[in-house]
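Report on one structure; see the data block that follows.
Throughout, read-outs are computed from the coordinates displayed, never taken from laboratory work. Everything numeric here is computed off the predicted structure, so don't read it as measured data. Cβ: placed from backbone, ideal geometry, glycine included. Neighbour counts: every protein chain shown.
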Amino acid sequence: MIQTKKTTAYTDQKMGTGGLRKKTKVMMQPNYFENFIQSIFNTIGDMSGKVFVVGGDGRYFNKIAIQKLIKMAAANGVKKLIVGQNGFLSTPAGSHVMLKNHTNGGFILSASHNPGGENGDFGIKYANETGGQVPTSVSDKIYENTKKISEYKIFESEDIDLSKIRTTKLGDMEIEIIDSVKDYVEMMESIFDFEALKKLFKSGFTMRFDAMNAVTGPYAIRIFEEILGAGKGTVTHAVPLPDFGGLHPDPNLIYAKHLVDFMYSDEATDFAGANDGDGDRNMILGRKFFVTPSDSLAILADNYHLIPAYKNGIYGVAKSAATSTAVCRVAEKNNLPCYVVPTGWKYFVNLMDSKRITLCGEESFGSGSSHIREKDGIWAILFWLSIIAATGKSVEEITRENWKKYGRSYYMRFDFEGLDTEVADKLMKDLEAKLPSLTGKEYGAYKVSQAAPFVYNDPVDGSVTKNGLVVDFSNQSKITYRLSGTGSSGATLRVYLERPEYKNLDKDTYEMVSDLLKIAMDIAEIQKRTGKTKADVNT
Ligand code: G1P
Ligand code: ZN
């Protein structure tokens, strides 16, 4: 039975860099989730004939939210939903299912790398027919709708059993429950040379993959342990838990410190990787060696010819403005275009769809290719393993050779978290006003060559996006400031520092960027305005 329920609008349902992300308890407020989903349906308009994919990373509230979503889709006239078994689909696997089935898009219920649980975060990523998250023009329309919504439609029924692979119906809507892992594995097999990877593990090569008690556990067990023969126990924290077992599923030096410590110990394996909550981020480690995401992207771009899916050539590469310029140096030498876009994967989607790029990535531990329209954690790890298998070199050797060939960008990101939103907004506003006066200023050996907001003109749809403030120095160093768009409360100021070097390749990163950090703190008056003498998180 279709019911129309009265509701009251919320005013804070604006999507950020990765969809709508809120504290779980905020999402669980009466009708909060329903209002947002109905606003998406209202924005789409006519639902007849529409097919969507539904899944999530298994975090707390996922099960309840998926049932609501299914019942609302049925009541709104959706033709069919393709749902991951037990409600599980990683973000990359979801994007693949959307593209493979030529759907109208889908919903991945996840707050990505943010902690889960009742006191953690919950999120909704909404993708359209591109298989990628919607552009700002669409999310703005949805936001307008959320502010005036007064009713939503829901099908009154028992919960749908999602535990079995089968096709069923709710009202007139078809529901196909699929194996969450199978399609994704087939896609990976079509991109990489699995036989070469099997040989690598047969030769005694060892690895550890940390799924952080999140969605990629079952994908990783299947691929690394069962198919490639990496050995039982290769995948750690392999069982997805509603609160990720208390882990903060963000694969970086801070939140995956246990993995980093392991890789710097004598028990270390030859290679290690980790993914985030919904499986789109990755961290790469070698024995006593960490690869920055910016370097990782550059190395993937330099080695595309080793991968069967890319060996005949790639269109080009792209990075977010905050990511180091390493990948663009590789592109330049290889006669490939290098696009620089605002932060957020959605900006890569147009470039992929128009065949301008094949590979892309962000400093925030995300890399991917046009095989889907999201970043892809396991893909990045398979790519690295393929390079190792083809060259016989270690992670450290591969990285150092890349530095020798193209120079090394010492790179670090500093996050100032939990700031008062007004203080953070004012800091950015005042800093922007001050930028023109910085040109030519000298800070010790650093001379400002240019200081301006980062403005992106999308070559495909002509949209203009302003995101972040950039100070360039005459020695190619760079400071980028921007406010996070994924937080669930307060504001986070991110300060990104880059210092390219062509001779000093063996220095300590922090030492190499510490002068820049002082300059960055000084220019933006961070201590005076926020009271913080240092960043909360350095990655
Ligand atoms: C962060 C990252 C950004 C990434 C996004 C979604 O967004 O910085 O690169 O695309 O998460 O994973 P931010 O919080 O900086 O807006
Ligand atoms: Zn994620």
**Request:** Could you pull out every whole DSSP H run in the chain that spans at least 15 Å of Cα extent along its own axis and averages 0.5 or higher on the Kyte-Doolittle scale?
**Result:** 62-75, 377-391, 509-523
**Item:** Neighbourhood charge, 14 Å Cβ-Cβ cut-off, centred on residue 11 and excluding it, Lys, Arg +1 and Asp, Glu -1
**Value:** +2
**Prompt:** Taking the chain as a whole, which cysteines find no other cysteine Cβ under 4.7 angstrom from their Cβ?
**Reply:** 360
**Item:** For the chain, size of Cβ-based charge dipole, Lys and Arg +1, Asp and Glu -1, in debye
**Value:** 620
**Message:** Strictly greater than 19 Å: what percent of every Cα pair in segment 322-409 meets that?
**Reply:** 46
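Can you give the longest stretch of the chain with no exposed loop site, where a site means GluC sites (Glu not before Pro) in a DSSP loop (not H, G, I, E or B) with at most 12 other C-beta atoms within 10 Å?
Details: sites that count: 156, 158, 267.
Answer from the scan: 268-539.
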**Asked** Which value at 222 nm does the chain reach when only helices count, each DSSP H run of 4 or more adding -39,500 (n - 2.57), with the total divided by all residues and rounded to the nearest 500 deg cm²/dmol?
**Response** -9500 deg cm²/dmol
**Request:** Specify the inter-centroid distance of segment 253-305 and segment 311-328, based on alpha-carbon positions, in whole Å.
**Result:** 19
**Item:** Cleavage-rule hits (trypsin sites (Lys or Arg not before Pro)) in segment 318-400: DSSP loop, at most 11 neighbouring Cβ within 10 angstrom
**Value:** 355
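Can you give the local net charge around residue 267? Use residues other than it whose beta-carbon is closer than 15 angstrom to its beta-carbon, Lys and Arg +1, Asp and Glu -1. Write out the running numbers ahead of the final one.
Details: positive: 208, 287, 288; negative: 210, 261, 266, 270.
Taking every Cβ under 15 Å from that of residue 267, the sum is -1.
What does the net charge come to around residue 96 if you take all other residues with beta carbon closer than 13 Å to its beta carbon, with K and R at +1 and D and E at -1? Walk me through the numbers on the way to the answer.
Values: positive: 100, 182, 373, 375; negative: 179, 183, 186, 189, 280, 374, 376.
With Lys, Arg at +1 and Asp, Glu at -1, the neighbours total -3.
In segment 244-348, what chymotrypsin sites (Phe, Trp or Tyr not before Pro) fall in a loop by DSSP, with at most 10 other Cβ atoms inside 10 Å?
Details: sites: 244, 255, 262, 264, 271, 289, 290, 304, 310, 315, 339, 345, 347, 348; in loops: 255, 264, 310, 315, 345.
Counting only loop positions with at most 10 other Cβ atoms within 10 Å, none of the chymotrypsin sites (Phe, Trp or Tyr not before Pro) in segment 244-348 qualifies.
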**Prompt:** What's the center-to-center distance, using Cα atoms, between segment 99-122 and segment 356-407 in Å?
**Reply:** 24
**Separation of the residue 182 and residue 445 label points, Cα + 7 Å toward Cβ, nm** = 6.0
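Rounded if a/c is under 1.5, else prolate if a/b beats b/c, else oblate: with a ≥ b ≥ c from the C-alpha gyration tensor eigenvalues square-rooted, which is the chain?
Working: a/c = 1.76, a/b = 1.23, b/c = 1.43.
Oblate.
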**Prompt:** From the residues 483, 1, 229, which one has its Cα farthest along the dipole of the chain in the positive direction, the dipole being from +1 and -1 charges on Cβ of Lys/Arg and Asp/Glu about the Cα centre?
**Reply:** 483
**Request:** Rounded, prolate or oblate: pick one for segment 219-300, where a ≥ b ≥ c are the square roots of the eigenvalues of its C-alpha gyration tensor, a/c under 1.5 means rounded, and failing that, prolate if a/b is larger than b/c, else oblate.
**Result:** rounded
**Request:** Please work out whether segment 1-123 counts as rounded, prolate or oblate from its C-alpha gyration tensor, where a ≥ b ≥ c are the square roots of the eigenvalues and a/c under 1.5 means rounded, while otherwise a/b larger than b/c means prolate and anything else oblate?
**Result:** oblate
**Item:** Centre separation in Å (Cα based) which lies between segment 169-230 and segment 476-511
**Value:** 33
**Request:** Give the share of C-alpha pairs in each 10 angstrom bin for segment 280-320, from 0 to the last occupied bin, in whole percents, shortest bins first.
**Result:** 24, 48, 26, 2
